[in-house]
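Quick notes on the structure that follows.
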Amino acid sequence: MEDLKRLKDEFDLEAGKIDTLRSLNDLRVKYLGKKGIITELLKGLSKIPREQRPDRGRQLNEIKKYIEKEIKRLHEKVSAEETKKKIQSEAIDITLPGRFIPPGKVHPVNRVLSEIVDIFVSMGFAVEEGPEVEHDYYNFEALNIPKDHPAREMQDTFYVKAPNKPSSSSHIDSDIVLRTHTSPVQIRGMKKRKPPLKFIAPGKVYRCDADVSHTPMFHQVEGLMVGEDITFSDLKGVLEVFIHRMFGPSTPVRFRPSYFPFTEPSAEVDIGCILCGGEGCRVCKGTGWLEVLGAGMVHPKVFEAVGYDTERYTGFAFGMGVERLTMLKYRIDDIRLFYENDVRFLSQF
Ligand code: PHE
């Protein structure tokens, strides 16, 4: 019976050192497993003298129960400790202040572009689109811009080299251009529909030009209205409504005679200088007026190009630069600010 007492002491010693579920399992296997110490001792009962068996058996069972109980107790204790350690190691410090993510904004040019579109849509204009890489025919020819017109000169137009032309031919021979205005959409729109029609055509245009008021790419909004009794008064009315919604109802508007190959008569539209109120300043160059639009009555040659009856139909067209309107509206003095994408500039809108 001495050996069993030593066995229990030995178990207690080992159990005292247990601090993980893994080592606890090893301990269980060592004593209670299939080939464990207790299991082997129970098997050995048959080899001891018959009269000693009941006492020894009882004592062995007591130790076995004790060990089982101890292992169960240790299991609860160690698993509670392990859970606690795991929770501590995975803890998130929710007291760390959050990082500020600045919200995005609509670019000022896009903002004014949508405003322009909204105003014309509210007056019943549809919205048309056309390609930015355009045929000479749509960009110039059909708009009554003859081959020797100064607008075709290289400093204005980006020519796209035709893929199957010999490399010796100069690029001015190319009949594909980056559109220099949105007016080619007039031609495309008229070919697609029949009068009466009215639509606007917003989009990007390209000119080989760069300074404080010119970038190689900028935006225009074209407008076209064609029908049986469309007059210059309709043009004046539509544009006056537009300008008063865009710059305020008391903005002075004037139509000044001008020239465009695709309109006759043609006009440029000025508004009273929004910086000096008409007194004369640096921005309006002392005149008190700012040019905001080109416009006119559609030239009969343009109607001929799209096969419209020039006796039956009349119409007006207009075109405006979106960057220029944005600069006037927000008093920005350098167009390049729009394309530098400096957040300090953009976040002001
Ligand atoms: N296309 C002209 C330009 O880019 C503007 C315009 C459009 C003028 C329609 C008259 C009529 O300058």
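The values are calculated or read from the model by the stated rules, or taken from the named source; none is laboratory data. Worth saying up front: this structure is predicted, and the values here are computed from it rather than measured. Backbone-built Cβ (ideal geometry, glycine too); neighbour counts: all protein chains shown. The area values use the complete protein model at the heavy-atom level, side chains included, leaving out ligands, DNA and RNA. Shrake-Rupley method; radii C 1.70, N 1.55, O 1.52, S 1.80 Å.
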Can you name the number of the only condition in (1) more than 16 Å from the ligand (Cβ to nearest atom); (2) within 39 Å of the chain's Cα centre (by Cα) that Tyr308 fails?
(2)
Quick check: anything in the stretch 327-338 within 16 Å of the ligand (Cβ to nearest atom), under 26 Å from Ala126 (Cα atoms) and either open to solvent by less than 30 Å² (accessible area, probe 1.4 Å) or over 36 Å from the mean Cα position of the chain (by Cα) (or both)?
no
Within the stretch 222-242, of all residues that are within 16 Å of the ligand (Cβ to nearest atom) and part of a helix (DSSP H, G or I), the one farthest from Pro300 (Cα to Cα) is Phe242
Considering the stretch 257-288, residues that are within 16 Å of the ligand (Cβ to nearest atom) and free of Cβ contacts under 8 Å to residues at least 24 places away in the same chain, and then whichever is farthest from the chain's Cα centre (by Cα), we arrive at Pro257
Extreme residue, farthest from Phe262 (Cα to Cα), among residues of the stretch 179-200 that are within 15 Å of the ligand (Cβ to nearest atom) and open to solvent by 40 Å² or more (accessible area, probe 1.4 Å):
Lys198
Restricting to the stretch 201-215, what's the tally of residues that are open to solvent by less than 60 Å² (accessible area, probe 1.4 Å), modelled with pLDDT of 95 or more and more than 11 Å from the ligand (Cβ to nearest atom)?
3
Take Pro252 and decide whether it is without any contact (Cβ under 8 Å) to a residue 24 or more places away in the chain, over 30 Å from Lys192 (Cα atoms) and either assigned by TED's automatic domain parsing to the domain that holds Tyr138 or within 14 Å of the ligand (Cβ to nearest atom) (or both).
no
Failed item, numbered, when Thr310 is tested on (1) more than 20 Å from Pro202 (Cβ to Cβ); (2) outside any loop (DSSP other than H, G, I, E, B)
(2)
Taking Glu323 as meeting all but one of (1) in contact with a Phe, Trp or Tyr (Cβ under 8 Å, 6 or more places away or on another chain); (2) part of a helix (DSSP H, G or I); (3) under 23 Å from Lys191 (Cβ atoms); (4) of a type outside the set (Lys, Arg), write down the number of the exception.
(3)
Looking at this structure, is Glu153 among the acidic types (Asp, Glu) and modelled with pLDDT under 85?
yes
